Each structure stands twice: as C-alpha cells, then as structure tokens.
Amino acid sequence: MAETATAFAFGPFRLIPDRRALTAEGSEVPIRGRAFDLLLALVERRDRVVSKDELMALVWPGRVVEEGNLTVHVAALRKLLGRGIIATLSGRGYRFVAPVAVLPAGDPEQARPNAADLPPPAEAAVPAPRPAVMPRPLTRLVGRDADLDRLAARLCEARLVTVVGAGGVGKTRLALATADRAAGRAADGVWLADFGPLEDPRLVGATIAAALGLDTGGGDALRAVVACLGSRRGLLLLDGCEHLLRAAADAAEAILRSCPGIAILATSREPLRAEGERLHRLQPLDAAAADVAITAARLADYPASELFVDRAAAALGAFVPGDAEAAEIMRICRRLDGIPLAIELAAPALRAMTLAELGARLERHFGPLTAGRRTALARQQTLRATIGWSLDLLEPAERALLLRLSVFGGSWTSDSAAFVAGGVEDVGGLIAALVDKSLVQADLSGVQARYRLLDSTRFYAAERLPAPAFAAARGSLLRWLVKAYERAEADWPFMADDDWFALYAPEIENLRAGLAWAFGPDGDERRGVVLASLTEHVWGELSLKGELRDWFDLAISRMDEATPPDVAGRLWLGRCGWVAARGPQALDAARRATALFRAAGSPIDLGRALWRQAWQHVLAGHLAAAEPLLDEAEQLLRGGRASKALVSCLRVRAVAWMHGNRPAAATAVLEEALAIARQLRSPRDVALTYGSIAELHCASGRMGEAIAVAQAALAALGPAQARSAWVQHIGGAVASYLLAQGDIAQARPIVADRLAVARMMGLPHEVAANLERAALIAAMEGRLDGAGRLYGHVQLCHAQRGILRSFGSQAVHDRLHGLLQQRLAPAELERLSAHGASLGEEEMVAEAFGIVRPS
C-alpha cells in the first residue's frame, strides 16, 4: 500500500502531496495535474517497478488512454527533474530510483532528506578524524606499477573512483598502495572503511564513522561523518562494497556533496553506479602466451610468473628456477589466469610437491588452492570460497546462466551463450550484468564481442551445476558447434581469409571441449563424427596438424554404415589434405573421398577431392594419371562462383605442367590463379601461387627472379599467416635458391629458422628438406663428414616417401651430390651415408643445428 506523508524530499526537490506542490530550494516548480499525479505515484511506489498499465490506471482512472500519453509525461518529468531520477525497465515499466526521505510533520521546506543536506554543527562541536592507521602489507605488490599510475591519474580527474575486478585479482592491495602514494597529498589523512565483514547495509555509515574514530553515540552516523569531513582534505577508502552497493553508493554521494575536500576510492566486484563515479577495471596479471619461449631470465618479464617466483621463495626459503622449470611455471600461471590470489595459494604447494606435480594437479582440478590464510575472512581464504561468495551474490537468473556457461572450453558470443542457455530470457542483458560483476571477461577487439570465464570460475561453476543440467548444456554446446562449423565449411571457399579466421578460429577451445565430450564415455559419438568432419580448415589454419590427424583418425574409426556419405567424404578428404599426408595412404584417402562425394556431395566437395587425388599422382610423378582428374575437377569448380578450391586446382595443374615441360601453359594458369586469389582476398593463396611462380623461375634457371618472387610471396602474408604450416615450404625455397647461387651467408639463418619451425610444427618433409640444405652448407664449407651423414639420412627419407622433389629441392640435391662425389671417395661417401641413414631425426637435427646456427 502507498504511504501517506507530509512530504517527500529527493535531491533539491520537495514533493508535498497535500498542497499538490513541487518545490526546489524554496521556490515552487510549475507542474501540471497529470504530471504531478504521475510523479506522486512513482515516488509512493519507489520500492518496486510500476507497470505502464498500473500507472495509466492511477493517473487516468476510469479512462482509456494511449500509452503514448504516459511516455510523453515521463519524458516531461525527466526534463524537469534531471537525469538519474526515473528509470525505464524495458518491457516492465518505470521505477523512481533517486534516494527519497520521508519528511516529518511541520514545515517540509525546513526539513532535509539525508546527511548530505545537513548543515554541520558549530565549528567547536565538530570532532576531528583520528590519524589514519592504514594496514601495512607484509609482501610486496608485484606487477601493478602501471595500474598505480593510472589510478593516481583518475583520482586527479574524479573524486569517486572504484577499482572493479574479479575476486582475488588484488583490488584491496592496489587500493592500499594507491592510498600510500596519496598520503603525502592528503592534508588531513587517509582512512579505510572495510565493508568486508558487514552483512547489514544499515551499518555502512557506522563503519565509516568508526574508521574516522568518531563516537556517534547511537545517533545518525552518516551525519556525523559529513560533519567531521566537511572542511577536511583527504582520501577515504571504501573496501569490499559488492554486497552493499546501494548503501555504499548513497554514503559516497552524501559525503562527496557536502565534503568538497574529500575523494573516495572504493573497491568492488561491480560498479557502485554512484553519481560522478569513474571506474578502474583491474585485470589479472600478464603471463606469456603459449607460443612464447620462456627461460628463467624471462620469468621476471611477466608479472604473473614474477609473483609466483616471489611467493615460492617466501614459502621455501629459497627458490631459483632454471630454464627447465621456467616453462612449467608459466604454464601454471596461465592455468591460474594470472589471478594473484590463485598464484599466492598455489606457490606454497611446492613445499609438498614438485613443479610438474603441481602443474599436473592444476590441469585436473584446483585442489592445491584450498589452503589459504587463516587470518582472512572465510570467503577470502581460498579461491573456492572467493568465487563461491561472488556466485552467491548473483541474482538467480544470473547465477543459472553463469553455471551453464561453464561448459564452454574457451570464449563465446552472446548467440552461442543463448543457444547453450536454452530458454533463459534476455541473455545479452544477463551477460552484461555478469561482466559488470567481474565474473565474465569481455573482449571487444574482434569482429564480434566475445566473452569468457576465467578457468577457476569455470571450474567452480561447473562443480555447482547439477550433473543432468551439465550434460544437457554440453549437448547444447555440441549442437551449436555443429551449426557453427557447418557455416564455417560453407563460408571457407569464398570468404576472405582474415574474415573467416576472425569468425571461426576463436571457437577452437570450445571445439576441443565439444569433441572430447562427444567421444567420451557419456558423449554423443554420432554427432562427434559429424562435428569432426567439419573442422579440417580450422585445424589447418591454426597449423594444428597433430590434432587434425588425431580427431580425424578417431572419427573415421567410429564411422559405421549409418554415417552419411558427405560426412565420411569430408573425413577422408581432410585426412589426405594435410601437407604432410603424402604417399599411398593419402592417395587411398583421396580416392575414398571422391567415391563418397560422387554418391552425395556438392560440386565443390567433389572438385576438391578430385584435385587432391590428382595432386597425389603428381607427387608420385604419374602426370598422365593426374590429367583427367584435373580436367573433371576444373570443370566442376568453374561451374560455380570463383573459389579457393579452384585456385588450388589451378596450382596443381600448373605444377603438373611444369614437370611436364610446359612452362608457358603453367605460367598462364598461375596468372589466372593469382588473379582469383586476389579477388577472394586470400593472402594464403596469393602466397602459395607466388611460391609456384618462383618454382617456375627456378626450373628455368632464373634464380634471382625465383628469390624475388618467393620473398614477395612471404611479404604478402600477415604475421599469423606467415606462421601457417601451409606456407612453410616457401621460406625454405628461398634458402634453396640462395644456396643454388652459392650464397651461404644469407641462406644459413633461414635454414636454422625453418628447421626449428618445421620441428615445432611436426612437418617431417620440411625437416628433411632443411636437413639437406644444412648438408649442402656443410659440404660447401668443407665439413664433409657431417655433410655425408646428413645426405644419407635425407636420401633414406626421400626413398621412404617416394615423392617428386620441388625444383628448388632438386637444385640443392644435385649440387650436394656433385660436391660429395667430387670431394669424397666412393667408399667413404657410402660409409657416411649408411651411418646417417642409421641415425634418428633427433641426432641429425642436432648435427644440422651445429652447422647452421652461429657459433
């Protein structure tokens, strides 16, 4: 029921029902009848949202009016009262959100609504705040220098700054360090009000008063605070506001309005949404990316690993990791998402286990993070308690969505979240609320907004999700991934490389999670087979050859008679399509794919299978067998719009014609392929086509032109594409052309780099090619023993694979073979070759690095 009052006060306004008057600072504000009724209805019902239908019944009783009348009157009230008074809740109605005081009997013009409006007592009666005694941290603050600088700058720009971040990210430590820096500029002091232990929002004012050393005698604590600070200059810290947001915001606004010399620094897991608030979002500590090589000396370059080493040394008495331990430390820090609390809890576990054991346990679960500081609040002692506290503060709909989001293995979009969430309404709004509460991380740098949970949050959220709900959410994720990668496969032949990569590559962690579940004990194996068949290009673009092979082999092993032919065709096609898949097995896979796509497949699928089958014949030197397959493939692929598949088919034809001694025809085909690749905005296909043109120059003995074109091919690639396994042979080809000209100085660093990359990516044919280049360098420099061993090893590799050499590779081989025959007796060359053939790749790579790396 609506209350009866002499008057209501909010901001500078007084609303007086009996007089049907609205005043501001003693002067009456003109307001029409319906507008006054509307304002009074909202003020009297300020504890809830008032629907549009209810408002129209209250303001226009017994009359039928259009909703537009209400909208116009609300707009007029907002113009009259200003912002932050009346809120619109989409689809629900309106709510009066400004703080309201119910004024007592008497002249309402003389009353004041809150402590902010209260005049201070006489100067002699105003107590001085006690000198601040800030807690002194016992450990040093690591990795937050930039945050300290930015926070100090924000406090110069605004009087209310809130440090917002996830639980355990170090908000309080940063705030205390900032206060320590600011102490010299705060003439009257710095004070800390810790809201962490509070449960009752009515005690916020008393807690601030206690921080100032005020004895309020049971009176209005906030009024005493305002009186105390009214003429002071200083910094007030409000720590741990997330569970008392409204009360903390009201107190902050009251203090700031009446205390011009006071600035407030708050910490919270979500914004206070108080007037004049500026935010400083505190992110986890940086760790090195997974593809960055880490040594012990580089651990201090990353705040997360620097903190780990510091806290491990404190726990163990001494901790000096070597290069062997550095990579494991960085993996642990990445697994912990760079959250300082998690790192501080994990490092002491080294008293009971090795680094490798700690890393392995953290990969499975977060058990090592359960022993925290006994002196902390219960909800801050362990990571589980910290995250659990955050989850408990959520609204039921927010919590239900977050728990379901724990099935994602990586980042996600609002569309995929809505699909996995099932019937949850307003998923976008709930995600925005979870971002505000620092439980969801937002990445707005790409073509679409992507979101993620920190690993620890995901782990503990998944623990809370009941098993049936978790299984249902995982099933929804798998269905979403099938839909997403169906689009990816359909888009691939025609979409620009960068656009395709930006849309589909970020789903890779979800893809791994979905496949692992699908092929797991309680998974959906049939849908897993379908999903795996749709992923050739994403594994290829990310140069994840091993995963492509493993998932495709697993899916092929789980196929049965019910597997649709197009699904089986994609699996066989992907199995043969990787650059390392050459020889009889790859040819068999391509034939199987061709037969399946003839039964059920699109022209582009069949065209791709045909040119790949032709490619295997070209590699084996069977040029005549390749021709009819290429003719059919080209006819199919030219029947539709230009595609990357057509570009690939044309390149294969050009290579066949090069080896068939038809350079003019090959040149024409490559020029067409290059034009189509540019039209499709495919830098990868542009580079590969340039690479084929370079080979054409090499075949004609024009090494200078071959080098220039191959370098242009690499220049056409962005940094990410240049690391792709698809194009690694182009960089090696440059080295081959240089060596054919006798230029060891320029070739040496290229061979060293390409050999290391080929080893890392698991490209055996590229490893062998670079071993042969290293052998030629050794032979040219007179290191004949090493050259002979490497020669023998590479000869065996080529014999086992039985594939046609590129023209650059042939040039290196011919020159190496000639030098060894000139400088070694036949028996000695045979002995060294046999020795090299008996050695493994590891030994030969070590020998090659000894030749090509600078001493």
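Things worth noting here:
- Computed over the range 383-465, Cα set: Rg, Dmax in Å: 11.7, 36
- Between the range 485-529 and the range 143-172, the Cα center-to-center distance that results, in Å: 39
- Footprinting exposure proxy ranking of Trp657, Trp615, Trp492, fewest other C-beta atoms within 10 angstrom first, gives Trp492, Trp657, Trp615.
- Folded to 0 to 90 degrees: helix 383-392 orientation relative to the chain principal axis, Cα: 60
- Compared with the dominant principal axis of the Cα atoms in the chain, helix 33-44 is inclined by about 80°.
- Along its first, second and third principal axes, ordered by size, the range 296-371 spans 29, 24, 21 Å in Cα coordinates.
- Within the chain, longest stretch free of exposed GluC sites (Glu not before Pro) [DSSP loop, at most 12 other beta carbons within 10 Å]: 562-855
- Paramagnetic reach from Ala24 (point 7 Å along Cα→Cβ, amide N under 20 Å) across the range 267-283: 275-276
- Its relative contact order, with pairs defined as Cα atoms under 8 Å and 6+ residues apart, puts the chain at 6 percent.
- Contour minus Cα-Cα distance for Arg591 and Asp200 (0.36 nm per residue): 133.5 nm
- For the pair His817 and Arg278, a Förster radius of 56 Å applied to the C-beta separation gives a FRET efficiency near 0.20, rounded to the nearest 0.05.
- Other-chain or far-sequence residues with amide H under 5 Å of Trp191's (modelled H): Leu235, Leu236, Leu237
- Dividing the convex hull volume of the alpha carbon atoms of the range 237-313 by its residue count gives 145 Å³ per residue.
- Taking 0.36 nm per residue of sequence separation and removing the Cα-Cα distance, the Ser700/Arg464 pair yields an extension gain of 78.2 nm.
- Shown is the FRET efficiency for Ala183 and Leu393, computed with R0 = 35 Å from the Cβ-Cβ distance and rounded to the nearest 0.05: 0.65.
- Label point distance in nm, Ala825-Ala675, each placed 7 Å from Cα along Cα→Cβ: 6.2
- Restricting the calculation to Cα atoms, the chain shows an Rg/Rh of 1.09 when the hydrodynamic-style radius is the Kirkwood one.
- Here the chain is assigned +1 on the Cβ of each Lys and Arg and -1 on the Cβ of each Asp and Glu. Its dipole about the Cα centre then comes out at about 340 debye.
- From least to most packed, judged by other beta carbons within 10 angstrom and beginning with the fewest, Leu350, Leu430 follow the order Leu350, Leu430.
- For Lys545, a cut-off of 27 angstrom between C-alpha atoms picks up these lysines, skipping any fewer than 8 places away in its own chain: Lys483, Lys644.
- The overall shape of the range 419-503 is oblate: from the C-alpha gyration tensor, with semi-axes ordered a ≥ b ≥ c, the ratio a/c is 1.5 or greater and a/b is no larger than b/c.
- With θ taken as phi - 60° and the Karplus curve 6.51 cos²θ - 1.76 cosθ + 1.60 applied, the whole-hertz 3J(HN,Hα) list for the range 640-649 is x, 6, 4, 9, 5, 4, 5, 4, 5, 4 Hz, x standing for glycine and proline.
- Helix 455-464 axis versus longest C-alpha principal axis of the chain: approximately 70°, rounded to the nearest ten.
- Test item: Cα-centred dipole of the range 521-655, Lys/Arg +1 and Asp/Glu -1 on Cβ, debye: 460
- FRET efficiency, Gln810 to Ile744 (Cβ-Cβ, R0 25 Å, nearest 0.05): 0.85
- Vicinal HN-Hα couplings computed from phi for the range 825-839 (Karplus, 6.51 cos²θ - 1.76 cosθ + 1.60; Hz; Gly/Pro x): 5, x, 5, 5, 4, 5, 5, 5, 5, 5, 4, x, 5, 7, 8
- Ratio of the Cα radius of gyration of the range 650-765 to 2.2 N^0.38 Å, where N counts its residues: 1.05
- Segment Ala87-Val72, extension gain: residue separation times 0.36 nm, minus the distance between their alpha carbons: 4.0 nm
- Look at Val655, Val59 and count the other Cβ atoms within 10 Å of each Cβ; fewest to most, that gives Val59, Val655.
- Partners for Lys52 among lysines (Cα-Cα distance below 20 Å; same-chain residues under 8 apart left out): Lys79
- When you restrict to C-alpha pairs under 8 Å that are six or more residues apart and normalise by the size of the range 724-852, the relative contact order lands at 30 percent.
- Taking a quarter of the surface of the Cα convex hull of the range 146-281 gives a mean projected area of 7.3 nm².
- The helix-based estimate of mean residue ellipticity at 222 nm for the chain, built from -39,500 (n - 2.57) per DSSP H run of four or more residues and divided by its residue count, is -18000 deg cm²/dmol to the nearest 500.
- The range 480-634: relative contact order in percent, alpha carbon pairs under 8 Å with at least 6 residues between: 15
- Computed from the Kirkwood radius of its Cα pairs, the Stokes-Einstein diffusion coefficient for the range 724-852 at 10 °C and 1.306 mPa s stands at 112 µm²/s.
Quick note: the coordinates plus some simple rules give every number you see, no bench work behind them. All values reported here derive from a predicted model rather than from experimental measurement. For neighbour counting, all protein chains shown are included, and Cβ atoms are generated from backbone atoms with ideal geometry for every residue, glycine included.
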